[in-house]
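The values are calculated or read from the model by the stated rules, or taken from the named source; none is laboratory data. For clarity, every value in this text was computed on a predicted model and none was experimentally measured. Heads up, the Cβs are rebuilt from the backbone with ideal geometry, glycines too, and the neighbour counts pull from every protein chain shown. Quick note on the areas: whole protein, heavy atoms, side chains included, nothing else; ligands and nucleic acids left out. Shrake-Rupley method; radii C 1.70, N 1.55, O 1.52, S 1.80 Å.
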Amino acid sequence: MFGLRFRLALALVAGSAVTLAAAIGLLVPPLEHRLAQDRVHDLRALARTAGLGLTRLPAADLRPGATRPRRIVHQLAVRTGARVALFDAHGVELADTDPERREPGSGRPERLADAGYARAGDLRQSVTDREAIVVAPVQTRAGNRTIVLRKSLGDQRAAVAVVWRTLPVAGGVGLAVAIALAAVLSFGLLRRMENLRRGARRLAEEGIDQPLDVDGGSDEVGEVARALELMRTRLHAQERGRQAFLSTASHELRTPVASLRGTAELLEEELAGPEPDLERARARAAGVSRQAERLAVLADDLLGLGHLDAAGAPSTEPVDVAELAVVLAGEAEPLAQATGVSLAVDAGTPAWAAADPLAVARIIRALLDNALRHGAPSGSVVAVDATTDGVRTAVAVRDQGEGVTEADRERIFGRFERGTTRGAGGFGLGLAIARGLARRMDGDVSVDDAPGGGACFALVLPACASPLAGDAADRGPPGRDAAPAPS
């Protein structure tokens, strides 16, 4: 296989050769034709001028042997450098600047007229490979006379020959300059491409940890290098996230599994005794149940995280997040009672958003669970409200706990990240999944200080118009019958 530099040079040589051939083909024949036509034009003009001089001569000076016609013919020959002959109406030669040279067709002008000469008004003309011929009839006082001018085209052929010799030389010089420039330009280009190739091969052989050497060029090679480095950076970040995910997930799974295994072994030993302590066995069985529930929650979060990484953009439809918040708050009521927290829902007005209803339900569940388990102290109130301004629709969950510190407000949305305040347990996946789902729907989940203390977690989504006619009317108090919760 030939290299890029050889192919580039070959393309330049071929292009220059084709250009030179096209230039010769398009320039030389028209130039040769133009020079011949210019010569004929000059002869015609001088023939007309000589004809005017002949018309002024008396008839006696236009007979054979007269000197004045010879003088006019000689002057015309001097001015044109052509051979000039004058004939009477019968073809008798009256004057000739070169009487010793006889050529076919030069004895009688009518032979010239019949030999395919083109007419140009009252003139006839012809161009051959060797000469240009003009036959000019003149009406004199002694009758019709004919001037014949024959001019060699040797000078024109010499000029064309010079062009023939000059064009290849100029083309060769241009080709040499083009090859030299191509070599200079291709050196830098090929060097950059070689660096890029080495970097790509290093990525394949050594992994994606080492960054590529990206130059500052703004051409296509620079764009490819920057795109490759961006791809490497993203792959490296994904790999680090995957490794962190596997490490943390294995750690989080190891703890409940170890506890579950130990509790099960103790329970088995107690029940195998002659007089088992049933109360202690029941307590250990309850511990097994709690650990199994914890594992189920972790498995569900891990599955949701996997779906979040693999899925594309979710399908959206109009969702009344106010009604959904009422339903999900009803679902969370048993947990609220168990933790001694009251739920207050303010969602009497519809708040429509363009979103995936299952994803919205999961996000609101995560926010409620976070507030009830980790935010609100016993005896406090968790408030839920849904609002819309026609552009953005929001669901806010406010607790009366210690709040979230400024340093933790972004960190807690990372995977396997927990807050540093009281009750910051769990696996650290719920808020990460919630924000990931919201951003896939062109929304977001954020946290701020709640009025009067505590934390306020807000889900914000793009608003949309109500699909129901007359839905702007009040739907009644929020304590109406709730629809079944989406699963």
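Tabulated results
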item: Answer from R234, R192 - the residue that is part of a helix (DSSP H, G or I), open to solvent by 60 Å² or more (accessible area, probe 1.4 Å) and among the charged types (D, E, K, R); result: R234
item: Unmet requirement for L94, which otherwise passes all of (1) in contact (Cβ under 8 Å) with a residue 60 or more places away in the chain; (2) surrounded by 17 or more Cβ atoms within 10 Å (Cβ to Cβ); (3) under 30 Å from R130 (Cα atoms); result: (1)
item: First in segment 373-393 and within 27 Å of G428 (Cβ to Cβ), second anywhere and of a type in the set (S, T, Y), Cβ under 7 Å, 6 or more apart; result: S378/T339; V381/S342
item: Answer residue from segment 1-57, given it is open to solvent by 70 Å² or more (accessible area, probe 1.4 Å) and of a type in the set (D, E, K, R) and is nearest to G81 (Cα to Cα) among those; result: D42
item: Unique match (being of a type in the set (G, A, S) and touching a strand residue (DSSP E or B) at 6+ places or on another chain (Cβ under 8 Å)) among A47, A17; result: A47
item: Lone qualifier among A136, A132, A182, A227 - being open to solvent by 40 Å² or more (accessible area, probe 1.4 Å), at negative phi and hydrophobic (A, V, I, L, M, F, W, C); result: A227
item: Conditions (1) at pLDDT below 80; (2) closer than 19 Å to V92 by Cα; (3) part of a strand (DSSP E or B); (4) among the small types (G, A, S): number failed by S126; result: (2)
item: Selected residue (criterion: nearest to A325 (Cα to Cα)) from residues of segment 357-384 that are assigned to a loop (DSSP other than H, G, I, E, B) and at pLDDT below 90; result: A376
item: Residues of segment 382-415 that turn out to be open to solvent by 20 Å² or more (accessible area, probe 1.4 Å) and aliphatic (A, V, I, L, M), as a count; result: 5
item: Members of segment 38-60 found to be touching a residue at least 40 places away in the same chain (Cβ under 8 Å) and under 24 Å from G154 (Cβ atoms), listed by number; result: R39, V40, L43, R44, L46, A47, A50
item: From R63, R79, residue being open to solvent by 20 Å² or more (accessible area, probe 1.4 Å), under 25 Å from D155 (Cβ atoms) and in contact (Cβ under 8 Å) with a residue 24 or more places away in the chain; result: R79
item: Some residue of segment 291-303 being modelled with pLDDT under 80 and over 60 Å from the mean Cα position of the chain (by Cα); result: no
item: Only listed residue being under 15 Å from P137 (Cβ atoms) and either modelled with pLDDT of 80 or more or in contact with a helix residue (DSSP H, G or I) (Cβ under 6 Å, 6 or more places away or on another chain) (or both), chosen from L57, L94, L76; result: L94
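Residues checked against (1) free of Cβ contacts under 8 Å to residues at least 12 places away in the same chain; (2) touching a His at 6+ places or on another chain (Cβ under 6 Å); (3) within 22 Å of L26 (Cα to Cα); (4) surrounded by 16 or more Cβ atoms within 10 Å (Cβ to Cβ):
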{"residue": "R150", "(1), (2), (3), (4)": "no, no, no, yes"}
{"residue": "L153", "(1), (2), (3), (4)": "no, no, yes, yes"}
{"residue": "G172", "(1), (2), (3), (4)": "yes, no, yes, no"}
{"residue": "R198", "(1), (2), (3), (4)": "yes, no, no, no"}
{"residue": "L212", "(1), (2), (3), (4)": "no, no, no, yes"}
{"residue": "V221", "(1), (2), (3), (4)": "no, no, no, yes"}
